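Peer 1: One structure follows; several queries about it will come next.
The values are calculated or read from the model by the stated rules, or taken from the named source; none is laboratory data. Everything numeric in this text was worked out from a predicted model, so none of it was measured. With ideal geometry, Cβ positions are generated from the backbone for all residues, glycine too; neighbour counts draw on all protein chains shown.
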């Protein structure tokens, strides 16, 4: 095979530990619920009573009504198809009443705590106070621990309980653990500059029409931050127009003051988007690294209402996490985003079909990455891209590096059912199907050998991983949204159902490169949908024209 | 009379009335036809475009985006294993050829400024009719025992080789081994080996990758080469006018 590839330096060894497992819906996972790997961490003693602790009260909602609404907005046969709600309307319609919320606020304040976060979509209420006061309020206490990497964190000593008086309004408590968990899904590698990716995936015709992201906004969900000087250096190196909007930092839960170990990931996300949609306004929603902050980031994006496209390149191994309150909280925040018509593109992970192996090398179970495994996002897998001598598309293979334990994440969710719209395309019903969510939905170049050029700390390098594929898809869909608006076709909304519908039928402009070679170390790529590359990779110009026709047909 | 009177007689007045009725009927029919036609037209115009036909079961790909016919980009050096009709691409910037012939390619990783990193890749491909992958693998283990002392299968689950494949063809054999380098003073540094063997039905191939480097992620560098391995049964990418 011939291809464009430049191998960079060594693949990074990423060590980590799996997330703590919860016990019951009305509880928050306590220390006793930690899986064996977490027991490798060392206890430091009780948290000081005056230490400040934060938590989230997950609010009850009209569950059946919301489920029905979410099904309807994704169902072309429903009169409510694609009729999305604003954040406030969502909260009023499905969340607790204003009086109930007031009751919770009063109880929180009476306990000596204060409400630290509240969202119009009424998914959760953030609370803050001393460890002593929060512990009393939630019937628990806190302990300090340190992991083998030296990260100090806090967990509840035993599962927290919702105060009995609030049980009719509050479903669960989340966010009590500050253990850093989400890891970026990127790997060092080499290859694609903006012109290369635009040529290979046929983005250029959109640029030629002036569709370059101008007037559009896209959000990146981050657990780290970046240096503006790196963005400027990337712009200069790759000819991004000087008048492109500066990337805006949106701090959540205090934000991230200085770049840390995840800086490369943030730079990768920004640079990939910058290369595809150079004039788009990029918002980097950034929060400290903790699993529960996923939900606050999503909630803030939904509440702000500034964008309909979100890129996520962080995740954790989806195991032992099924009933954890933090998962419940995150999934509700994502559901609110879908009800608002937001498309969230999530990297499917970089360890192939064995996602948890990235956290524990001896873990050989078939596992997927969360939150790409949730049904209300678009999960993005990885490929190795090869191009022709003129830069145009040649072929792709599902990304699998069997010697380096790398590959695009894919498989079956352990917890979530398959969404109604993930159906009726060749390959989707297969010998592994068990009624659970199947990932990924789509894919793009992620193998380090066809990685993406970036600038980190002033130096050009390159990086791969599905965390390059996810922002690529998000940025491409942003351009498609801009094109659809210009063509009078309306807004995209949540694109998951549409992608499957476009793949289901013959289109005048075939939108997907079906990847039939390679795999992800367990599942092979093949004709139609597969666990390595989903529906395939995009011909962006074709997808744009198909989307416009699709939207016009369903107005 | 009555009978005669009952005989229909052509009366100019009656005949005119019949003509009028015909005209009325004709006009009514024409108007009705027009109304129906307009209705059908209105329905046709108002009706959403019919869904595109579903992908036929025999065509799961359901259309591919057109691609042009420019030649593939070649950025490395192509080795052709003529004995079995296989090929593989490597990058002379970091890989040096130790030995090669119609069946074998032996490469050594040589990253400038990183003499502490060692990695050896050995590929052998023969016609499938002459040897099965398992036989090739056994021979390779014997060969390696000549240079790596105490070479035994490594059963530590942390070192397991999951989903072995060569050039995206699933491996019949895949295992990790460990031993020690052979030095004049006796056993030297610990050495790790990953070994895979596969066949596409026309060719059989075995690959071993060996290193004394402590970080096993070093083996990932060989993935770049193995993913370029092309079997005789694998068709070249198709070209079609855009």
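Peer 1: Considering (1) over 20 Å from residue B:140 (Cβ atoms); (2) modelled with pLDDT under 95; (3) in the same structural domain as residue B:86 (by TED's automatic domain parsing); (4) surrounded by fewer than 21 Cβ atoms within 10 Å (Cβ to Cβ), say which one residue B:220 fails and leave the rest.
Peer 2: The single condition residue B:220 does not satisfy is (4).
Peer 1: Given the criterion farther than 30 Å from residue A:254 by Cα and at pLDDT 90 or above, identify the matching residue among A:70, A:59, A:90.
Peer 2: Answer to the selection: A:70.
Peer 1: Of the numbered conditions (1) under 25 Å from the mean Cα position of the chain (by Cα); (2) closer than 30 Å to residue A:360 by Cα, residue A:124 fails exactly one; give the number of that condition.
Peer 2: Failed condition: (2).
Peer 1: Hey, another quick one. Can you name every one of the helices (runs of 4 or more DSSP H) wholly within the stretch A:119-214 that holds 1 or more residues which are more than 30 Å from residue B:73 (Cβ to Cβ) and in contact (Cβ under 8 Å) with a residue 12 or more places away in the chain?
Peer 2: Per the criteria, A:131-138.
Peer 1: Something else about it: Within the stretch A:525-542, can you find the residues that are in a helix (DSSP H, G or I) and either over 24 Å from the mean Cα position of the chain (by Cα) or within 9 Å of chain B (Cβ to nearest Cβ) (or both)?
Peer 2: Across the stretch A:525-542, the qualifying residues are A:541, A:542.
Peer 1: In the set A:439, A:402, A:425, A:456, which member is modelled with pLDDT of 95 or more and within 14 Å of chain B (Cβ to nearest Cβ)? Walk me through how you get there before you give the answer.
Peer 2: Values: A:439 fails: within 14 Å of chain B (Cβ to nearest Cβ); A:425 fails: modelled with pLDDT of 95 or more; A:456 fails: within 14 Å of chain B (Cβ to nearest Cβ).
When all the criteria are applied, what remains is A:402.
Peer 1: Moving on to the next point. Which of the residues that make up the stretch A:364-390 are more than 8 Å from every other protein chain (Cβ to nearest Cβ) and either within 24 Å of residue A:199 (Cβ to Cβ) or free of Cβ contacts under 8 Å to residues at least 40 places away in the same chain (or both)? Before you say what the answer is, go through the steps one by one.
Peer 2: Let us first name the residues in the stretch A:364-390 that are more than 8 Å from every other protein chain (Cβ to nearest Cβ), namely A:365-383, A:385.
Scanning the stretch A:364-390 gives A:378, A:380, A:381, A:382, A:383, A:385.
Peer 1: Identify the single condition in (1) more than 9 Å from chain A (Cβ to nearest Cβ); (2) surrounded by 21 or more Cβ atoms within 10 Å (Cβ to Cβ); (3) within 20 Å of residue B:77 (Cα to Cα) that residue B:232 does not satisfy, given that it satisfies every other one.
Peer 2: Of everything listed in (1) more than 9 Å from chain A (Cβ to nearest Cβ); (2) surrounded by 21 or more Cβ atoms within 10 Å (Cβ to Cβ); (3) within 20 Å of residue B:77 (Cα to Cα), residue B:232 misses just condition (2).
Peer 1: Another question, if that's okay. Does the stretch A:281-302 contain any residue that is assigned to a helix (DSSP H, G or I), assigned by TED's automatic domain parsing to the domain that holds residue A:412, surrounded by fewer than 24 Cβ atoms within 10 Å (Cβ to Cβ) and touching a strand residue (DSSP E or B) at 6+ places or on another chain (Cβ under 9 Å)?
Peer 2: yes
Peer 1: Now for a separate question. Report yes if some residue within the stretch A:468-475 is modelled with pLDDT of 95 or more and over 30 Å from residue A:552 (Cβ atoms); otherwise report no.
Peer 2: The answer is yes; a qualifying residue exists.
Peer 1: Still on this structure, I have one more. Just need a number here: residues in the stretch B:124-181 that are assigned to a loop (DSSP other than H, G, I, E, B) and within 14 Å of another protein chain (Cβ to nearest Cβ).
Peer 2: First, pick out the residues of the stretch B:124-181 that are assigned to a loop (DSSP other than H, G, I, E, B): B:128-132, B:146-147, B:154-156, B:160-164, B:167-168, B:171-172.
Subset that is within 14 Å of another protein chain (Cβ to nearest Cβ): B:154-156, B:160-164, B:167-168, B:171-172.
Counting residues in the stretch B:124-181 that are assigned to a loop (DSSP other than H, G, I, E, B) and within 14 Å of another protein chain (Cβ to nearest Cβ) gives 12.
Peer 1: Do we have any residue at all in the stretch A:397-416 that's in contact with a helix residue (DSSP H, G or I) (Cβ under 9 Å, 6 or more places away or on another chain), surrounded by fewer than 24 Cβ atoms within 10 Å (Cβ to Cβ) and not in a loop (DSSP other than H, G, I, E, B)?
Peer 2: Within the stretch A:397-416, one or more residues are in contact with a helix residue (DSSP H, G or I) (Cβ under 9 Å, 6 or more places away or on another chain), surrounded by fewer than 24 Cβ atoms within 10 Å (Cβ to Cβ) and not in a loop (DSSP other than H, G, I, E, B).
Peer 1: Is at least one residue of the stretch A:478-487 in contact with a strand residue (DSSP E or B) (Cβ under 6 Å, 6 or more places away or on another chain) and buried (at least 24 other Cβ atoms within 10 Å of the Cβ)?
Peer 2: yes
Peer 1: If we keep just the residues of the stretch A:543-555 that are more than 10 Å from chain B (Cβ to nearest Cβ) and within 20 Å of residue A:392 (Cα to Cα), which is surrounded by the most Cβ atoms within 10 Å (Cβ to Cβ)?
Peer 2: Among them, the one singled out is A:544.
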